Amino acid sequence: MSDWPLLSIVTFLPLLGALFVLSIRGEAAVVARNARNVALLTSVATFLLSLLIWFNFDSSSAEFQMIDQARWLPGYAIAYKMGVDGISLFFVLLSTFLTPLCLLSAWQAVQVRVKEYMIAFLVMETLMIGMFCALDLVVFYSFFEAPTSRC
């Protein structure tokens, strides 16, 4: 299990769920029901995987743990580098715990553009987790500014 890029999986699983929700087609009621179900299932799975981060976290160490890294732009000393410390761990857990609760609270409240709402919520979860785990300034900036950038 220690060989798995657990932080990257937890970070990008909601984005994968959002892509799956994006592919849902059919009648409006069926699409809304399936979008809700997929979003909730994805967010619960993300929370359960984030619990693995907590269980594998060594609280006796002050260093960043579960580091995932890959070369990104080596000419500029920019790398994809993710990790958690004692503070960011709880922000990740809080984000992954609250997302399913928020989706459940919107279960009946959101009746229009349900598919788009669920996609936006899962993308937002990806960006929050990525922001809390980023160890490179450019990676942090990418996760932090993505929701506010204009196309």
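Values quoted throughout were computed directly from the atomic coordinates according to the rules given, and no laboratory measurement underlies them. Keep in mind it's a predicted model, so treat the numbers as computed, not measured. Reconstructed Cβ throughout: ideal geometry from the backbone, glycine too, with neighbour counts over all protein chains shown.
Summary of values
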quantity	calculated
Out of Val92, Val44, sole residue that is more than 24 Å from Phe140 (Cα to Cα), part of a helix (DSSP H, G or I) and under 16 Å from the mean Cα position of the chain (by Cα)	Val44
Failed item in (1) of a type in the set (Ser, Thr, Tyr); (2) under 13 Å from the mean Cα position of the chain (by Cα); (3) farther than 28 Å from Gly86 by Cβ, with Thr126 passing the rest	(3)
Any hit, region 48-65, residues being assigned to a helix (DSSP H, G or I), touching a residue at least 40 places away in the same chain (Cβ under 8 Å) and within 15 Å of Glu116 (Cα to Cα)	no
Unmet requirement for Thr42, which otherwise passes all of (1) over 20 Å from Pro5 (Cβ atoms); (2) touching a Pro at 6+ places or on another chain (Cβ under 7 Å)	(1)
Checklist (1) outside any helix (DSSP H, G or I); (2) surrounded by 15 or more Cβ atoms within 10 Å (Cβ to Cβ) applied to Gln108, failing item	(2)
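For every residue, the table says whether it meets (1) touching a Phe, Trp or Tyr at 6+ places or on another chain (Cβ under 9 Å); (2) at positive phi; (3) buried (at least 20 other Cβ atoms within 10 Å of the Cβ).
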| position | (1), (2), (3) |
| --- | --- |
| Thr11 | yes, no, yes |
| Val21 | no, no, yes |
| Arg25 | no, no, no |
| Ala29 | no, no, no |
| Arg33 | no, no, no |
| Leu40 | yes, no, no |
| Leu49 | no, no, no |
| Met66 | yes, yes, yes |
